[in-house]
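This report concerns only the one structure given below.
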Amino acid sequence: MKALLVVLALFLPIINAQVPHWGPCPEPVTQPAFNLKQFMGRWFEIAKLPAQFERGRCIETNFTLKLDGTAHVVSSEILKGELKTIEGTAVVEDKRNPAKLGISFSYVLPYTPYWILSTDYENSALVYSCTDVLRLFHVDFAWILGRTRSLPAATIDHGKEVFTNNNIDVSRMILSRQQGCDKDL
């Protein structure tokens, strides 16, 4: 029991703004025949489950394929009037399932799941990430991404439906703020 309390004490600050759920992570179906090269480019965050590391507006991520088959990742947001960026690396973690990417924004931290559940490469993508904590509970993230700063409501609704059909609770999903992004900070 003491060990569980220690684990909870360590992870509680991390999961404060996240969406924790009892039990292990779900195993959603990912994009069949995923093509990493086609996924490269600029993606705008349209909707998300709350994440403490994303508090700003105008959140976007740019993926650039590197010669070694990994991707250079640059994510940005406007927070308190300043443009904040972070760089990382995305890798295909399972060659048999290339839609299961791992992303790391630090040399000392492990790769975290970044699974592409669905994409048409040209308009939208559904991305899911989940971390188990001793299989007692999990913390997950879900994003609806677009190649433009907005998507039709029907596309967002369909994305939520795909998450729900994969046992991912998106009842707390919120729309991202993508207004006024091209103006001066």
(request) Look at TRP115 and say whether it is within 18 Å of GLY41 (Cβ to Cβ), of a type outside the set (A, V, I, L, M) and outside any helix (DSSP H, G or I). (result) no
(request) Answer yes or no as to whether LEU134 is over 26 Å from PHE63 (Cβ atoms), exposed (fewer than 15 other Cβ atoms within 10 Å of the Cβ) and among the hydrophobic types (A, V, I, L, M, F, W, C). (result) yes
(message) If SER124 meets every condition in (1) among the hydroxyl-bearing types (Ser, Thr, Tyr); (2) crowded, with 17+ Cβ neighbours inside 10 Å; (3) in contact with a Gly (Cβ under 8 Å, 6 or more places away or on another chain); (4) without any contact (Cβ under 8 Å) to a residue 60 or more places away in the chain apart from one, which number is that one?
(response) (4)
(request) Pick out the one residue from THR119, THR155 that is out of contact with any Cys (no Cβ under 7 Å at 6 or more places or on another chain) and under 19 Å from GLY69 (Cβ atoms). (result) THR119
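Each row is one residue, and each column tells you yes or no for (1) part of a strand (DSSP E or B); (2) buried (at least 19 other Cβ atoms within 10 Å of the Cβ); (3) of a type in the set (Lys, Arg); (4) at pLDDT below 95.
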| position | (1), (2), (3), (4) |
| --- | --- |
| PRO13 | no, no, no, yes |
| GLN31 | no, yes, no, no |
| ARG55 | no, no, yes, yes |
| THR89 | yes, no, no, no |
(request) Kindly indicate the residue of the range 151-185 that is more than 17 Å from the chain's Cα centre (by Cα) and of a type in the set (S, T, N, Q) and also surrounded by the most Cβ atoms within 10 Å (Cβ to Cβ) among those meeting that condition. (result) THR155
(message) Out of LEU67, LEU83, I need the residue that is among the aliphatic types (A, V, I, L, M), in contact with a Ser or Thr (Cβ under 8 Å, 6 or more places away or on another chain) and over 17 Å from SER129 (Cα atoms). Which one?
(response) LEU83
(request) Residue by residue through the range 127-159, note down the ones that are out of contact with any Gly (no Cβ under 9 Å at 6 or more places or on another chain), in contact (Cβ under 8 Å) with a residue 40 or more places away in the chain, not in a strand (DSSP E or B) and not aliphatic (A, V, I, L, M). (result) THR148, ARG149, SER150, GLY159
(message) Pairs needed: first member in the range 20-45, free of Cβ contacts under 8 Å to residues at least 60 places away in the same chain and over 17 Å from ASN165 (Cα atoms); second member anywhere, of a type in the set (S, T, N, Q) and loosely packed, with under 14 Cβ neighbours inside 10 Å; C-beta distance under 9 Å; at least 6 residues apart or different chains.
(response) MET40/THR64
(request) Give the residue that is nearest to the chain's Cα centre (by Cα), with candidates limited to residues of the range 64-80 that are more than 16 Å from ILE46 (Cβ to Cβ) and surrounded by 19 or more Cβ atoms within 10 Å (Cβ to Cβ). (result) VAL73
(request) Determine if the range 45-52 includes at least one residue that is under 16 Å from ILE144 (Cα atoms), surrounded by 15 or more Cβ atoms within 10 Å (Cβ to Cβ), modelled with pLDDT under 95 and not hydroxyl-bearing (Ser, Thr, Tyr). (result) yes
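The values are calculated or read from the model by the stated rules, or taken from the named source; none is laboratory data. A quick note: this is a predicted structure, and the numbers were derived from the prediction, not measured. Here the Cβ is made from the backbone with ideal geometry for all residues, glycine too, and neighbour counts use every protein chain on show.
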